[in-house]
Structure formats: C-alpha cells, structure tokens
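Remarks on the structure that follows.
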Amino acid sequence: MTDKKLFIKTYGCQMNVYDTERMVDVMAHEGYSVTDTPDDADLVVLNTCHIREKAAEKVYSDIGRLRVQKEKRAKKDGKQSILAVGGCVAQAEGAEIQKRAPVVDMVFGPQTYHRLPEMTKEADAIKQAGERPRILDTDLSVSEKFESLSKKGVSNKKTAFLTVQEGCDKFCTYCVVPYTRGGEFSRAFEDVMQDAMKLNDAGVLEVTLLGQNVNAYHGMSKAGEEWSLARMIRHLADTTDFERIRYTTSHPQDMTDELIAVHGEIEQCMPYLHLPVQAGSDKIVKAMNRHHTIASYMKIIEDVRKARPDIALSGDFIVGFPGETDADFQETMKVVRDVNYAQAYSFMYSERPGTPAADWEDQVEEHVKAERLAELQDELNKQQRAFNDASVGKTMPVLLERIGKEATHLVGRSPYMQAVYVDVKDVNVVDRVFGQMVDMKIESAGPRSLKGELVLK
C-alpha cells in the first residue's frame with residue numbers, strides 16, 4: 001500500500017480531539033501516515049469547532065493560507081493534495097464553504113468521518129479525471145458512525161478517549177451543538193464495552209469517557225437493561241486494567257447521587273470534575289435555558305466535596321450574555337469565589353447564527369464584555385495558581401504520556417488533570433518510565449503546570 005501523508009488541524013473540544021484520533025486510525029488502514037505540516041500532505045483536514053468566537057472566520061482564514069500551500073505543491077511537485085473541512089463548522093455551513101472557498105474539495109460533518117476513505121478515493125478519482133471535486137456529506141446518522149469505527153483497530157497509546165454519548169437535547173439558547181452534532185444519542189452498553197476492551201488490550205492505562213452531556217448516558221444492553229454512566233464506570237473499574245477513569249463534559253441537570261457516590265467509592269475514578277455553570281445569576285441561567293439553578297448547582301458541589309474532599313473542580317463561564325447586568329456578573333463572581341475552581345474556561349458571549357440568543361436585542365457592548373472577562377479570568381487564574389501551589393511538596397502518581405522539548409523531558413498528568421513536567425536527565429531512565437504511571441514529588445508550581453522529581457523505587 002502506497003504511503004501517503006495526512007495532516008489534521010484540530011479546533012476546539014475534546015470530542016474533536018477524539019474525532020481526529022479516529023480519523024487517523026481510519027486513514028492508517030488506507031496507507032496514510034500523519035505529518036506535522038500541511039506542506040507535504042496528500043490529505044489536509046480542518047476538523048472544526050463552532051463553539052469558539054468567530055469560529056467560521058478562523059477556518060476561512062486557514063483555508064486561505066492552505067490554498068497558497070496547495071498551489072505551491074502542485075506547481076513544484078505536480079502533486080494534487082486534497083483539502084477537506086470537517087466537524088461542526090462544516091455541518092453548519094455545508095455547501096456554503098465550497099461556494100465561498102472553491103479550493104475546498106470535501107466538506108463533511110462530525111457524524112460522517114468514518115466514510116473519509118471513500119470520500120478521499122472519490123476526490124482522487126475526480127482529480128485524476130481533471131475535474132474539481134465537490135464532495136459534501138453532512139448526514140447525522142450517529143449509530144452508523146460508531147458501528148463502522150468499532151470495526152477498526154486502535155492506536156497503541158497509554159491514554160485514550162472513548163465516546164459513550166453524543167449530541168444534545170438541552171438546546172441552550174447560545175449553543176449550536178444540537179444543530180451540528182444532532183440529538184442526544186447513547187451508545188449501547190455492549191458497543192461501548194467492545195471498544196473499551198480494545199483499548200484495554202492495547203495497554204491503555206487512562207480512559208476518558210466522552211459526551212456532549214456525558215453524564216446523561218443511558219445506553220441499553222442486549223438484555224434490555226438501561227445503564228447509567230455511574231454503573232458504566234463501576235463496571236469498567238471491575239472488568240478492565242484501566243488505572244484511571246475520567247469523564248467529560250457533564251451537565252448539572254444530570255449529576256445524579258449515584259454518580260457523585262462513584263467519586264468517593266471507585267479508586268480508578270479520578271478526583272476531577274468538569275461541571276459548567278456558565279453564569280452565576282439565576283436570571284441569566286434561565287435565559288440560557290440551562291435547566292438548573294445556582295442553588296441546585298451549589299448543592300451538587302457540596303455533595304461532590306463530601307464524597308471526595310480532594311476533588312478538583314473545573315467549569316465553563318460565558319460573560320456578556322444578552323441581558324447580563326453588572327449585578328448579574330457580580331453574582332457570577334460570587335459563585336467563582338464560593339466554589340474555588342482548580343481550573344476553568346471562560347469566554348465572551350458571541351452570537352451563533354441559528355441560535356435563539358443571536359437574535360435578541362439586549363446584546364452587551366463588546367468593551368463591557370471584555371472588561372468583565374478580564375476581571376473573571378484574573379480571579380480564575382489566581383485560583384488555579386493557588387491550587388497548583390498547594391501541590392508543592394506532595395507526592396502523587398503521574399502518567400508520563402509524551403516527550404517534551406528535549407529527549408529527557410517528559411510530560412504527564414496528575415490525578416487532578418494538572419500538567420506535570422520532569423527532566424529525568426538520563427535517556428536510559430526515559431525508556432524505563434515513559435508511558436508508565438510513576439510517583440513524582442512536586443518541586444515547584446507555575447500558573448498552568450507543575451514541575452516534579454521522579455520517586456524511583
């Protein structure tokens with residue numbers, strides 16, 4: 001099989017990271033290997049996300065740069081590369097992408113990338129005939145995708161994502177996910193376990209269960225039993241060699257007592273919870289159609305901390321949502337101070353075409369949003385730095401999963417999702433500990449990471 005080069009740029013969320021990894025797996029069976037640059041790639045894929053501000057504009061900007069690269073390659077080597085746009089922007093924009101950027105050969109949504117080999121072969125054939133490909137596939141058949149992907153092999157890594165749920169039925173008024181990923185879909189229990197055992201057999205030590213609302217998982221078994229996420233985690237802990245189990249992203253409405261209890265009872269369930277509140281004002285949360293109140297959210301936080309006192313909490317925040325007053329924003333700041341987050345993600349509200357809030361009249365001025373975001377991020381950064389500082393002097397297990405800038409620099413994650421760096425100095429030691437779970441004593445802390453020292457036995 002002829003070796004070809006694949007370059008994928010991934011935007012946005014962990015679901016997109018998972019999708020990119022599976023695209024790599026799928027195309028590996030077709031003789032494609034990954035390259036770090038689009039310059040020598042036969043297939044270039046932009047795996048897009050529609051959540052971030054000005055997402056589509058950033059994609060078109062990248063397409064412009066890739067058009068120049070594509071023309072240079074064709075002129076220099078006579079090679080016709082294929083440019084594809086996938087993911088949520090592709091789902092939302094559809095044929096408009098090829099109309100606005102004719103250089104794009106293929107457009108496919110997040111539920112169709114399992115058909116990437118067939119699309120690529122079709123595009124190649126059209127190019128060989130001297131014509132320009134115009135391939136568009138934005139079907140939303142989620143079950144077909146997972147059925148196809150489950151037949152493929154998996155990469156040999158120590159960490160892996162495993163999608164158990166996809167899509168969303170919540171219809172938050174600012175969010176495009178129900179329109180780009182489709183309605184909520186929970187994979188069947190046996191299908192999830194089949195993929196989990198593949199990862200287990202490949203030597204994966206840490207698995208992250210993924211879903212747009214992962215804690216809403218309610219997959220059915222062949223026996224007709226409904227499985228919750230909590231039950232799934234317990235089963236994985238009992239039947240696999242996974243040393244770490246994580247899950248993201250959760251919705252407060254679906255945070256059950258059963259799932260909270262898992263954090264205190266299952267050793268493999270890591271002490272980390274990403275639970276977005278988005279805003280601290282009940283008025284704004286209601287306008288967002290979030291299906292929870294600030295009181296209910298704070299009760300969950302209290303219960304989680306009772307179950308697992310050392311848990312690290314993470315969240316998402318949107319500032320400047322339509323109608324948000326200074327008083328509303330200060331209620332968000334109060335929630336932030338009361339919870340005390342280990343890390344968090346925060347953004348200024350920006351309109352997403354097709355979402356209800358995009359058409360509301362009471363939009364907040366940009367300079368006000370920017371001022372509020374700066375105040376919020378200053379507090380969140382202080383909290384994250386304080387959480388990291390509190391780790392200094394502690395010894396904790398770290399899964400060393402990648403090489404840093406130097407051959408002796410290794411990078412891993414603490415149980416609390418902190419990045420941990422270590423310089424082992426000896427290449428022989430690198431071979432011994434890379435890809436392993438090792439104890440590390442934390443020597444120092446920065447705003448985004450920790451530096452540790454190996455505790456070798």
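In this structure, D282 and E190 have a Cβ-Cβ separation that, at R0 = 56 Å, corresponds to a calculated FRET efficiency of about 0.85. Rolling a 1.4 angstrom probe over the protein heavy atoms with all chains in place gives the chain an accessible area of 44 Å² per residue.
The trypsin sites (Lys or Arg not before Pro) of segment 341-409 meeting both criteria, a DSSP state outside H, G, I, E and B (loop) and at most 15 other C-beta atoms within 10 angstrom of the site's C-beta, are K394, K405. In sequence order, segment 201-217 has phi-based couplings of 5, 7, x, 5, 9, 10, 10, 10, 7, 10, x, 4, 10, 4, 7, 8, 3 Hz under the Karplus curve 6.51 cos²θ - 1.76 cosθ + 1.60, θ = phi - 60°, and Gly or Pro positions carry x.
Classified by the C-alpha gyration tensor, segment 1-92 has an oblate form. Its axis ratio a/c, with a ≥ b ≥ c, is 1.5 or above, and a/b does not exceed b/c.
In order along segment 162-172, the Karplus-derived 3J(HN,Hα) couplings, from 6.51 cos²θ - 1.76 cosθ + 1.60 at θ = phi - 60°, round to 9, 6, 10, 8, 8, x, 8, 10, 6, 6, 4 Hz, and Gly and Pro are given as x. A 1.4 Å probe, protein heavy atoms only, puts the accessible area of W360 near 80 Å². Values [x] 32, 29, 23; [y] 37, 24, 19; [z] 34, 29, 23 are given for comparison; semi-axes √(5λ) of the Cα gyration tensor in Å, derived from the coordinates here, is the one labelled [z]. The accessible-area ordering, largest first, of the residues T293, T249 stands as T293, T249, per a 1.4 angstrom probe. The listed residues F347, F321, once ranked by accessible area (1.4 Å probe) with the largest placed first, stand as F347, F321.
Taking a ≥ b ≥ c as the square roots of the eigenvalues of the alpha-carbon gyration tensor, segment 178-288 is classed prolate because a/c is 1.5 or more and a/b outweighs b/c.
Among the cysteines of the chain, those with no neighbouring cysteine Cβ under 4.7 Å are C13, C49, C88, C168, C269.
Cross-link reach is defined here as a Cα-Cα straight distance under 18 Å, omitting same-chain residues fewer than 8 places apart; for K441 the lysines meeting it are K394, K425, K451, K457. Only protein heavy atoms count here; on that basis, with a 1.4 Å probe, E302 has an accessible area of about 90 Å². Once the Cβ-Cβ distance of S296 and Q14 is raised to the sixth power relative to R0 = 25 Å, the FRET efficiency obtained is 0.50.
When only Cα pairs below 8 angstrom with a gap of at least 6 residues are kept, segment 404-457 shows a relative contact order of 32 percent.
Accessible area per residue was computed with a 1.4 Å probe on protein heavy atoms; K283 scores about 110 Å². Nonpolar atom fraction for the chain, defined as the carbon and sulfur part of the 1.4 Å probe accessible area, stands at 49 percent.
The values are calculated or read from the model by the stated rules, or taken from the named source; none is laboratory data. Quantities reported herein were computed from a predicted structural model and do not represent experimental measurements. Every residue, glycine as well, gets a Cβ built from its backbone with ideal geometry; the counts of neighbours run over all protein chains shown. Please note that ligands, DNA and RNA were not included when accessible areas were found on the heavy atoms of the full protein model with its side chains. Shrake-Rupley method; radii C 1.70, N 1.55, O 1.52, S 1.80 Å.
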